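Read-outs: derived from the displayed coordinates by stated rules, not from any lab. Because the structure is predicted, anything quoted here is derived from the model rather than measured. Every residue, glycine among them, receives a Cβ derived from its backbone with ideal geometry; neighbour counts consider all protein chains shown.
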Amino acid sequence: MNTITEIATIKIRATIKAPVEKVWNLWTDPKHIIQWNNASDDWHTPKSENDLHVGGKFLSRMEAKDGSLGFDFAGEYSKIELFKQINYTIGDGRKVKVSFVSKGNETTVTETFEAEQTHTIEMQQTGWQSILDNFKKYVETLS
């Protein structure tokens with residue numbers, strides 16, 4: 001008997017008060033990624049690498065500040081459309097699409113990603129949204 005398992009997708013969004021070029025650069029530059037890439041104040045990203053082109057790879061080392069937990073968030077780019085869209089596949093095979101929609105001095109960043117099976121949809125959505133909200137705060141603080 002064949003069964004088709006549908007993969008749940010999760011969508012998060014933030015509108016940032018900054019032009020798309022700035023948002024894009026802060027999203028993709030490792031020296032900035034380490035500043036904003038955490039879901040809560042007790043986590044950080046001590047290391048980030050980013051080779052932003054189709055077939056290029058990225059890695060962000062995410063760790064609890066107390067040293068109790070850590071993991072590599074890594075993957076490979078499948079589509080890059082400058083200032084508009086970044087698609088990638090995470091190391092576990094899940095697909096992610098990040099879109100950047102510019103409206104003057106505001107940019108809406110939308111991430112759509114395939115859910116994993118370990119954590120609840122709500123937990124994943126909350127965690128990813130927290131990181132995106134932290135990114136928004138970081139960008140707007142630099143404005």
Specify whether the C-alpha gyration tensor of the stretch 9-142 places it in the rounded, prolate or oblate class, a ≥ b ≥ c being the square roots of the eigenvalues: rounded for a/c under 1.5, otherwise prolate if a/b is larger than b/c and oblate if not.
rounded
In whole Hz, with x marking every Gly and Pro, tabulate ³J(HN,Hα) for the stretch 74-88 from phi via Karplus 6.51 cos²θ - 1.76 cosθ + 1.60, θ = phi - 60°.
9, x, 9, 6, 10, 7, 10, 10, 3, 6, 10, 7, 9, 10, 8
For Gly56, list long-range residues whose amide hydrogen, built 1.01 Å from N in the peptide plane, is under 5 Å from its own amide hydrogen.
Tyr77
What per residue convex hull volume, in Å³, do the alpha-carbon atoms of the stretch 66-143 yield?
127 Å³
Whats the longest run of the chain with zero trypsin sites (Lys or Arg not before Pro) that are DSSP loop and have at most 14 other Cβ atoms within 10 Å?
85-143
